[in-house]
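Step one of this worksheet: look at the structure below.
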Amino acid sequence: MEKKRLYFIDEYRGFWLINMILYHAIWDIVYIFGCDWRWYKSDMAFFWQQSICWSFIFISGFCWQMGRNKFKNGLQVFGAGIVITLATLIFMSDSRVIFGVLTLLGSSMLLMLPCDVVFRKINPWLGALLSFILFLFTYPVNDGYFGFGGVEMIQLPRELYNSWLSTYLGFPEPGFWSTDYFPLLPWFFLYAVGYFAYKIVFMREEKTQIKEIMEKSICSPLGWIGRNSLVIYMLHQPVIYGVLYLWFMFFNI
């Protein structure tokens, strides 16, 4: 069957990228320029932030099997994460990003290469379910335990939280902080949910209604943003900061 571009994926990614840009713009207004916006620290704002993160990580896992050069793509995204880290450490040390979302996505793309050998043998429905359960179970790892919905089931030894390597894996060492922290645990499991979701959608050769929906374009500008998401992500914070700096300087807000 001839493969057609899945415009829905581009537009989905573009939609959530716009949400991310708006969220980061408000973050700059609140934490860099000192505006007191209580809503931004509410549960609703946290839900918005988490929905953005979940969506990006899920769709990245979904698209992994669509990449032509998966190793090169993984290195490219991981390298972009290193650039973000170095840039924030040098120019914005008070807002430093260490082990941010790009580092996670690049790491997951590379880690999926050996995992794919095993995962391809698992039923996609079972794989997606188990991955999501493991994601929820390991979600509180930063707080020192595994469990569901705030219920502590396994207390993790503090000795695990002792180095930069442990921090990268999901066990942050004492004193570590980052304005954008996405370790392998629990987030690789959410990436795996996307990986199995792709198999669920495309495990049939015949065209399904889901495939037909994904092949249709609803908003082409969103698609353009989605296709250029890495470049836009790399540039959006400096642009936002520059615009806000000029705004606050000239209007003295």
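The values are calculated or read from the model by the stated rules, or taken from the named source; none is laboratory data. What you see is a predicted model; the values in this text were computed from it and never measured. Methodologically, a virtual Cβ is constructed for each residue, glycine included, from the backbone with ideal geometry; neighbour enumeration extends over all protein chains shown. Accessible surface areas use protein heavy atoms only, side chains included; no ligands, DNA or RNA. Shrake-Rupley method; radii C 1.70, N 1.55, O 1.52, S 1.80 Å.
Quick check on this structure: which one of ALA80, ALA87 is open to solvent by less than 20 Å² (accessible area, probe 1.4 Å), on the phi < 0 side of the Ramachandran plot and of a type in the set (A, V, I, L, M)?
Step by step, each of ALA80, ALA87 is checked, and only ALA80 is open to solvent by less than 20 Å² (accessible area, probe 1.4 Å), on the phi < 0 side of the Ramachandran plot and of a type in the set (A, V, I, L, M).
Tell me, please, whether a residue that is among the aromatic types (Phe, Trp, Tyr), without any contact (Cβ under 8 Å) to a residue 40 or more places away in the chain and open to solvent by 60 Å² or more (accessible area, probe 1.4 Å) can be found in segment 132-148.
yes
For the subset of segment 131-149 comprising residues that are in contact with an Asp or Glu (Cβ under 9 Å, 6 or more places away or on another chain) and not in a strand (DSSP E or B), which member is farthest from PRO172 (Cα to Cα)?
So, considering only residues that are in contact with an Asp or Glu (Cβ under 9 Å, 6 or more places away or on another chain) and not in a strand (DSSP E or B), the one farthest from PRO172 (Cα to Cα) is PRO140.
Residues checked against (1) within 28 Å of TRP64 (Cβ to Cβ); (2) at pLDDT 95 or above:
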site	(1), (2)
ILE90	no, no
LEU105	yes, yes
LEU129	yes, yes
ASN142	yes, no
VAL151	no, no
THR179	yes, no
PHE188	yes, yes
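Given (1) surrounded by 13 or more Cβ atoms within 10 Å (Cβ to Cβ); (2) of a type in the set (S, T, N, Q); (3) in contact with an Asp or Glu (Cβ under 9 Å, 6 or more places away or on another chain), where does SER178 come up short, assuming only one miss?
Only one criterion in (1) surrounded by 13 or more Cβ atoms within 10 Å (Cβ to Cβ); (2) of a type in the set (S, T, N, Q); (3) in contact with an Asp or Glu (Cβ under 9 Å, 6 or more places away or on another chain) is unmet by SER178, namely (3).
Scan (1) over 23 Å from THR85 (Cβ atoms); (2) assigned to a helix (DSSP H, G or I) for the single condition LEU185 breaks and write down its number.
For LEU185, the failing item is (1).
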